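Quick notes on the structure that follows.
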Amino acid sequence: MGNALEAVEKWVKSHPYLEDIAALNTVFEKMLENCDTLMEVHNMDSIKEQFMSGTPLFLTDIDFGIENKAGAVFYTICKNNDKSLTAELPEEVQNFFEAVKELSQDKCSSIIKAVFEDDDKFLNEMAENLGAAKEQLEYFAWVSIRKALSGIKADIEKFISDNLWQKGICPVCGKMASTAFFKHTKRGRQRFLHCDHCGTEWVYKRIGCPYCENIDQKKMSIKDSDDEPDMRIDLCHKCNSYLKTYIGEDNNSAGKEGWASIHLDILMKDTGFAAKGSLVKP
């Protein structure tokens, strides 16, 4: 947990206007520190052919047990009684923490299942019953999923790397990439894509739009900001999308998280370009 909290604190120090949203991430880190996570995955080789054909891991024939494990993590959030953790959060977020206290563990697992299946009807009904927004419910669910996956994150990312996933959708959950970043590896400074939803990271070609696979550089451009030297915005003029990209040297930086550059999303409003894959929206 230490490295994650340190990364958030370091980012917020230079971006104080992100303090509120960063505080929620810090609360989750502390609240879920001792939660059980998935620890091993069996028979990954059995779904290699499915994966190589373009099927994200959660949609293959392997049952990762993620619904129940993430449901248990969500239930931990629901049953948190340490009000000192949430006391400094915005009132609407504190109200949501109070509302979910009535959920059973089975109901939490059902919410996770609905999120995976994009069951908007169920999620809207559940949110209405809780007196909350559907987006809040989805955010808490994906935080739970990310935590549940953290125990096998290294194994999954090795499998992804070994099998050369080169798509713009997440190789684990199938959501669109939300951000990109560069990292030094044995092959040089490579571009990685980041999934805001489940937290997976994977290597992607240096040039090209991950959303429409455009590689025509005449239909791409870069928007820099003097106020944000460690970030840039990659624009695709073919599909009118943009991708926020962390270009700093700190491999542990919180800058690759979507929430950490939400101010750039505000900057891009009404430009004709759209973000894709973002879990947190302005």
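The values are calculated or read from the model by the stated rules, or taken from the named source; none is laboratory data. Note that the coordinates shown come from a computational prediction; the quantities given were computed from them, not determined experimentally. Backbone-built Cβ (ideal geometry, glycine too); neighbour counts: all protein chains shown. Just so you know, the surface numbers come from the protein's heavy atoms only, side chains and all, with ligands and any DNA or RNA stripped out. Shrake-Rupley method; radii C 1.70, N 1.55, O 1.52, S 1.80 Å.
When region 157-190 is examined, which residues are found to be surrounded by fewer than 16 Cβ atoms within 10 Å (Cβ to Cβ) and either part of a loop (DSSP other than H, G, I, E, B) or in contact with a Gly (Cβ under 9 Å, 6 or more places away or on another chain) (or both)?
Residues satisfying the conditions are Asn163, Leu164, Gln166, Lys186, Arg187.
Sort out which residues of region 77-112 are open to solvent by less than 20 Å² (accessible area, probe 1.4 Å) and of a type in the set (Val, Ile, Thr), and write them in order of number. Give the derivation first.
As a first pass, look at region 77-112 and keep what is open to solvent by less than 20 Å² (accessible area, probe 1.4 Å): 77-78, 86, 89, 96-97, 100, 103, 108-109, 111-112.
Passing the criteria: Ile77, Thr86, Val100, Ile111, Ile112.
Give region 191-211 a look and list any residue that's surrounded by 15 or more Cβ atoms within 10 Å (Cβ to Cβ) and either over 20 Å from the mean Cα position of the chain (by Cα) or small (Gly, Ala, Ser) (or both), or say none. Talk me through it step by step, then tell me what you get.
Taking region 191-211 first, the residues surrounded by 15 or more Cβ atoms within 10 Å (Cβ to Cβ) are 191-204, 208-211.
Once the filter is applied, which keeps residues that are surrounded by 15 or more Cβ atoms within 10 Å (Cβ to Cβ) and either over 20 Å from the mean Cα position of the chain (by Cα) or small (Gly, Ala, Ser) (or both), region 191-211 yields Gly199, Gly208.
Scan region 89-127 for residues that are at pLDDT below 95, assigned to a helix (DSSP H, G or I) and acidic (Asp, Glu) and jot them down.
Result: Glu91, Glu92, Glu98, Glu102.
Considering only residues that are of a type in the set (Gly, Ala, Ser), assigned to a loop (DSSP other than H, G, I, E, B) and closer than 30 Å to Ser46 by Cα, which ones fall in region 128-156? Full working, then the answer.
Of all residues in region 128-156, those of a type in the set (Gly, Ala, Ser) come to 131-133, 141, 144, 148, 150-151, 154.
If we keep only those that are assigned to a loop (DSSP other than H, G, I, E, B) as well, we get 131-133, 150-151.
Selection gives Ser150, Gly151.
Mind counting the residues in region 1-37 that are among the hydrophobic types (A, V, I, L, M, F, W, C), closer than 28 Å to Thr60 by Cβ and open to solvent by 20 Å² or more (accessible area, probe 1.4 Å)?
Residues flagged as among the hydrophobic types (A, V, I, L, M, F, W, C), closer than 28 Å to Thr60 by Cβ and open to solvent by 20 Å² or more (accessible area, probe 1.4 Å) within region 1-37 amount to 1.
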